[in-house]
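Undergrad: Let me begin by handing over the structure; questions about it come next.
The values are calculated or read from the model by the stated rules, or taken from the named source; none is laboratory data. Bear in mind that the values here come from a model prediction, so they are computed numbers and not experimental data. As a convention, Cβ positions derive from the backbone with ideal geometry for all residues, glycine included, and neighbour counts pool all protein chains shown.
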Amino acid sequence: MTSEDVLNEFRDAGALREGHFVLSSGLHSPVFLQKNLVFMDAARCARLCKALAEKIVATVGPVDVAISPAVGGIIPGYETARWLGVPSMYVEREGGEFKLRRGFHVEPGQKVVMVEDIVTTGLSSRECIAAIKAAGGDVLAAACIVDRSGGRADVGVPLVALATLDVPAYPADALPSELAALPVEDPGSRRLAK
Ligand SMILES: O=P(O)(O)OC[C@H]1O[C@H](OP(=O)(O)OP(=O)(O)O)[C@H](O)[C@@H]1O
Ligand SMILES: O=C(O)c1cc(=O)[nH]c(=O)[nH]1
Ligand SMILES: [Mg+2]
């Protein structure tokens, strides 16, 4: 599956949004990939995650478990794990920090692939990987459906991206005037009331 094929799945789902968005990292962007509109279609989600699972195995070989950061990573993490034939778990924020909860646990040295939906700066991926390592897991690689950093995000382990895009994102104090003129949306979960 090429990056253009992946982008077409987002286009067909109406998930390639234009406007003014504040991202999880606090950066602002004129483009937002509303991945939930992609994952709500089980067949579309399966096509993407099957391709991602194949790319993970081709890159790092077999893994024991897939772990994702809530909320956005849960569905693609589960579906990718299904194609990998391994269990799926997720971390979620407790006092702002990602933790394994709900009875999930990692065996010492278990080979883990961290599965994200979208990578922009790689901050959420790094936070998730740190939580998995703190729980004893050996993170062989990170994987995502779309890396929108143009390949520049560094998550500290190899990143297997199904698609790589280069989408602009700006600090709040350096917005182009046409972006600053638009009302801002904050679609993610990082800043939701705890
Ligand atoms: O690479 P980054 O700069 O960290 O940005 C990407 C992250 O942002 C989104 O999560 P968000 O925190 O918005 O919440 P969500 O998972 O509930 O959508 C997305 O799901 C990634 O986890
Ligand atoms: O960086 C983000 O928060 C982000 C960007 C994007 O395009 N889609 C998304 O769900 N999150
Ligand atoms: Mg997320």
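Undergrad: Looking at Leu165, Leu140 in this structure, which one is surrounded by fewer than 22 Cβ atoms within 10 Å (Cβ to Cβ) and either within 11 Å of ligand 2 (Cβ to nearest atom) or aromatic (Phe, Trp, Tyr) (or both)?
TA: Leu165
Undergrad: Next up: Just one of (1) assigned to a loop (DSSP other than H, G, I, E, B); (2) closer than 28 Å to Gly109 by Cα trips up Val160, so point out which.
TA: Checking Val160 against (1) assigned to a loop (DSSP other than H, G, I, E, B); (2) closer than 28 Å to Gly109 by Cα, the one that fails is (1).
Undergrad: Among the residues that make up region 62-78, is at least one of them crowded, with 24+ Cβ neighbours inside 10 Å and either at pLDDT below 95 or in a helix (DSSP H, G or I) (or both)?
TA: yes
Undergrad: Specify which of the listed residues (Ile56, Ile67) is in contact (Cβ under 8 Å) with a residue 12 or more places away in the chain, within 16 Å of ligand 3 (Cβ to nearest atom) and touching a strand residue (DSSP E or B) at 6+ places or on another chain (Cβ under 6 Å).
TA: Among Ile56, Ile67, only Ile67 is in contact (Cβ under 8 Å) with a residue 12 or more places away in the chain, within 16 Å of ligand 3 (Cβ to nearest atom) and touching a strand residue (DSSP E or B) at 6+ places or on another chain (Cβ under 6 Å).
Undergrad: Pairs under 6 Å by beta carbon, first residue in a strand (DSSP E or B) and within 11 Å of ligand 1 (Cβ to nearest atom) in region 111-124, partner at pLDDT 95 or above and among the β-branched types (Val, Ile, Thr), six or more apart or different chains?
TA: Met114/Ile67; Met114/Ile129; Met114/Val139; Val115/Thr80; Asp117/Ile145; Ile118/Val146
Undergrad: Related question: Go through (1) touching a residue at least 24 places away in the same chain (Cβ under 8 Å); (2) at negative phi; (3) not aromatic (Phe, Trp, Tyr) and name the single condition Asp166 misses.
TA: (1)
Undergrad: Tally the residues that are in a strand (DSSP E or B) and either under 21 Å from Thr59 (Cβ atoms) or modelled with pLDDT under 95 (or both), restricting the search to region 98-110.
TA: So the count comes out to 0.
Undergrad: Quickly run through region 1-27 and pick out the residues that are surrounded by fewer than 16 Cβ atoms within 10 Å (Cβ to Cβ) and among the polar types (S, T, N, Q).
TA: Listed by number, the residues that qualify are Thr2, Ser3, Asn8.
Undergrad: Is it the case that some residue within region 55-78 is in contact with a Cys (Cβ under 8 Å, 6 or more places away or on another chain) and away from ligand 2 (no atom under 16 Å from the Cβ)?
TA: yes
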